[in-house]
Amino acid sequence: MAPPAADVDVESNAAVPQVKKSVDGALPVRLSTSSKLDGPLKYSGTLDSYEQFDVTSVIGREFPKLQLSEILHDDAKIRDLAILISERGVLFFRNQDINIDDQKLLGQRLGELTGKPDSSKLHRHALSNSKRGIAVDENGRLDDEVSVISSEQNRKFYKDRFTAFSKNIASSGWHADITFEHIPSDYAILKIVEPPSDVGGDTLWASGYEAYDRLSPPIQKLAESLTVTHNQPGFVKVQNDFGEELIAEDRGSPENKGLDFKAEHPLIRTNPVTGWKSLFGAAAQVEAGWINGVTERESEILKRYFFQIIVENHDLQVRFRWNKNDLAIWDNRSVFHTATNDYVGKRQGNRVVSIGEKPYYDPNSKSRREALGLVGEK
């Protein structure tokens, strides 16, 4: 499932990202859903003074002492933060004092400072929104632009899938957020405000960059030529089963509307911030979808194989154990994630998800290994 959206207008003192120009130098007529970037961005080093370490060699970095509230209004640092998130896939921060308004501001600025289109704001989730009546702060505030991650709500709507005693295969939860939208997410921010009282409730992330690099060159070439229809029928089922009202219009972009929750995207996606290729059309977001232009049997075989690459390679995954007020930020264009439902108690968090650009594949983009000069056969 996924999160909500904030329309925040703030002035920027950071360098404006370069935009694409036509051959004669004139600015082109651009679809409002396209990235403004004219190429990958480079990290400038503004966060080097903060203690940090890579959690694995492939994915994840932790800042054990940095308070995001201290850098929230420094555009150069927020831009570098976004670049690091896109390069490392997910960043972790401990015991954060950032409030919900600041979390929304940060979600919007990460994308704005890295070239997302002006029409993209924060996501308003069709189901996990204020209509569920779950407060996002101690004052009882309700906010459509914040998706409350609630174990109690998940258990109500999806029953044993989210219980500690479920007999379902746990790996079925791997997904990237809101890919059923025509203009899906770039960055997501989750702050756990109430970890389980017992133990458990970890979250895992997997690198879509590394998943692409695990494919053989012939399969890479095939995958680059394909698109996938992402489909999420679960929300309408909840509406029918429980009578819950869904948000049907302007879910963070004018393109994100209606109740079909179905969108076609490239199987391999280029991340505009890094310029790296990532496996994108895979895992739970395409379980009810299909790969276009192939037979139904071929679609199922390919879907199962790409899912296997994500799930069965523990060395392209990272696992994070939450404490109260810990926070994670990830790039939905290039990582998959899943929660572990191995706890009995209540677990709750506030998630803000930014809408990015329309997904695309650039045949001139590089893989992560290629861009970093990592040796070894693909």
For segment 332-378 the number of residues that are more than 24 Å from Asn168 (Cα to Cα) and among the hydrophobic types (A, V, I, L, M, F, W, C) is 7
Evaluate the following for Glu87: is it surrounded by fewer than 16 Cβ atoms within 10 Å (Cβ to Cβ), acidic (Asp, Glu) and in contact with a strand residue (DSSP E or B) (Cβ under 9 Å, 6 or more places away or on another chain)? no
Among the candidates Asp80, Asp97, residue that is of a type in the set (Asp, Glu) and assigned to a loop (DSSP other than H, G, I, E, B): Asp97
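Is it the case that some residue within segment 162-176 is of a type outside the set (Lys, Arg) and on the phi > 0 side of the Ramachandran plot?
First, pick out the residues of segment 162-176 that are of a type outside the set (Lys, Arg): 162-166, 168-176.
Adding the requirement that they be on the phi > 0 side of the Ramachandran plot leaves none.
Looking through segment 162-176, none of the residues is of a type outside the set (Lys, Arg) and on the phi > 0 side of the Ramachandran plot.
Within segment 222-243, track down each residue that is of a type in the set (Asp, Glu) and surrounded by fewer than 16 Cβ atoms within 10 Å (Cβ to Cβ).
Narrowing segment 222-243 to residues of a type in the set (Asp, Glu): 224, 241.
If the condition is that a residue be of a type in the set (Asp, Glu) and surrounded by fewer than 16 Cβ atoms within 10 Å (Cβ to Cβ), then Asp241 is the only one that fits.
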Here are some residues: Phe242, Phe261, Phe235, Phe280. Which one is on the phi < 0 side of the Ramachandran plot, hydrophobic (A, V, I, L, M, F, W, C) and touching a strand residue (DSSP E or B) at 6+ places or on another chain (Cβ under 8 Å)? Phe280
Subset of segment 195-210, residues at pLDDT below 95 and either in a strand (DSSP E or B) or surrounded by 18 or more Cβ atoms within 10 Å (Cβ to Cβ) (or both), comes to Pro195, Pro196, Gly201
Selection from segment 128-162 of residues that are among the hydrophobic types (A, V, I, L, M, F, W, C), under 19 Å from the mean Cα position of the chain (by Cα) and at pLDDT below 90: Val148, Ile149
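Does Ile268 qualify as being on the phi < 0 side of the Ramachandran plot and touching a Phe, Trp or Tyr at 6+ places or on another chain (Cβ under 6 Å)? Steps first, answer last, please.
Values: on the phi < 0 side of the Ramachandran plot: yes; touching a Phe, Trp or Tyr at 6+ places or on another chain (Cβ under 6 Å): yes.
Judged against the criteria, Ile268 is a match.
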Just to verify a result, which residue in segment 346-378, among those that are in contact with a helix residue (DSSP H, G or I) (Cβ under 8 Å, 6 or more places away or on another chain) and crowded, with 21+ Cβ neighbours inside 10 Å, is farthest from Asp326 (Cα to Cα)? Arg368
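State yes or no: is Ile189 among the β-branched types (Val, Ile, Thr) and either closer than 25 Å to Ile310 by Cβ or modelled with pLDDT under 95 (or both)?
Working: among the β-branched types (Val, Ile, Thr): yes; either closer than 25 Å to Ile310 by Cβ or modelled with pLDDT under 95 (or both): yes.
Spelling it out, Ile189 is indeed among the β-branched types (Val, Ile, Thr) and either closer than 25 Å to Ile310 by Cβ or modelled with pLDDT under 95 (or both).
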Could you list, in sequence order, the residues of segment 88-130 that are in contact with a Ser or Thr (Cβ under 6 Å, 6 or more places away or on another chain) and within 23 Å of Asp202 (Cα to Cα)? Gly89, Asp97, Ile98, Gly107, His125, Ser128
Which residue out of Ser49, Ser86, Ser128, Ser69 is of a type in the set (S, T, N, Q), touching a residue at least 24 places away in the same chain (Cβ under 8 Å) and in a loop (DSSP other than H, G, I, E, B)? Ser128
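Restricting attention to segment 115-127, and to residues there that are over 15 Å from the mean Cα position of the chain (by Cα) and either at pLDDT 95 or above or buried (at least 24 other Cβ atoms within 10 Å of the Cβ) (or both), which single residue is nearest to Asn240 (Cα to Cα)? Explain how you work it out, then say what you get.
First pass over segment 115-127, keeping only residues over 15 Å from the mean Cα position of the chain (by Cα): 115, 117-119, 126-127.
From what is left, the residues that are either at pLDDT 95 or above or buried (at least 24 other Cβ atoms within 10 Å of the Cβ) (or both) are 115, 117-119, 126.
Numbers: Gly115: 39, Pro117: 34, Asp118: 35, Ser119: 31, Ala126: 14 Å.
It comes out as Ala126.
Are any of the residues in segment 176-190 of a type in the set (Val, Ile, Thr) and touching a His at 6+ places or on another chain (Cβ under 8 Å)?
As a first pass, look at segment 176-190 and keep what is of a type in the set (Val, Ile, Thr): 178-179, 183, 189.
Among the residues that remain, those that are also touching a His at 6+ places or on another chain (Cβ under 8 Å) are: 178-179.
The answer is yes; a qualifying residue exists.
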Output the number of the condition that Ser278 fails; it satisfies all remaining conditions of (1) within 23 Å of Val146 (Cβ to Cβ); (2) in contact with a helix residue (DSSP H, G or I) (Cβ under 6 Å, 6 or more places away or on another chain). (1)
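Can Glu249 be described as free of Cβ contacts under 8 Å to residues at least 60 places away in the same chain and in contact with a Lys or Arg (Cβ under 7 Å, 6 or more places away or on another chain)? Spell out how you get there, then give the answer.
Details: free of Cβ contacts under 8 Å to residues at least 60 places away in the same chain: yes; in contact with a Lys or Arg (Cβ under 7 Å, 6 or more places away or on another chain): yes.
Answer is yes for this residue.
Does Asn292 satisfy the criteria of being among the polar types (S, T, N, Q) and surrounded by fewer than 17 Cβ atoms within 10 Å (Cβ to Cβ)?
Numbers: among the polar types (S, T, N, Q): yes; surrounded by fewer than 17 Cβ atoms within 10 Å (Cβ to Cβ): yes.
For Asn292, the condition - among the polar types (S, T, N, Q) and surrounded by fewer than 17 Cβ atoms within 10 Å (Cβ to Cβ) - is met.
The values are calculated or read from the model by the stated rules, or taken from the named source; none is laboratory data. All values reported here derive from a predicted model rather than from experimental measurement. Please note: Cβ atoms are built from the backbone with ideal geometry, for glycine as well, and neighbour counts cover all protein chains shown.
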